[in-house]
1. Give me the net charge of Tyr62's neighbourhood, meaning all other residues with Cβ under 12 Å from the Cβ of Tyr62; Lys, Arg count +1, Asp, Glu -1.
2. For the pair Ser60/Ser107, report the inter-label distance in nm, with labels modelled 7 Å from Cα in the Cβ direction.
Amino acid sequence: MKKLITILSTILSINLFAGSTFYSEVGISGDAAWGSMVGARKSDDNVQYIGCSVYGNNSSPYIVCRARSAAGDRFHCRSSEQHFIDQIYALDSQANFYMQREGEICSLIYTGVSSTFTE
């Protein structure tokens, strides 16, 4: 739990300073993966990726989420939970992720896009 709080705190604090830009590269540890799509694209390697896709038809859609770190570690999970499907449909190309799995089933998917401005 402490590890989850640390990782989420890092992700949520990415844009604390107006005008600053930080894109998290992909990290994987055990049954968790995190990072941003932009960070993966802008990384110095051609190995990293992170994201989720929706498959199936209107009566039985499901998602598959995948990630790969610069070290070559891989993560994947799947789910047919409607709230995860809706969440993935709402993403844009700037999304940050934190995902957990139990076996091959996605148990948590945090996605965020933000621009924080402080006066």
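1. Working: positive: Arg78; negative: Glu81, Glu104.
Net of charged neighbours comes to -1.
2. 2.6 nm
Only the coordinates and a few stated rules stand behind these numbers; no lab work does. What you see is a predicted model; the values in this text were computed from it and never measured. With ideal geometry, Cβ positions are generated from the backbone for all residues, glycine too; neighbour counts draw on all protein chains shown.
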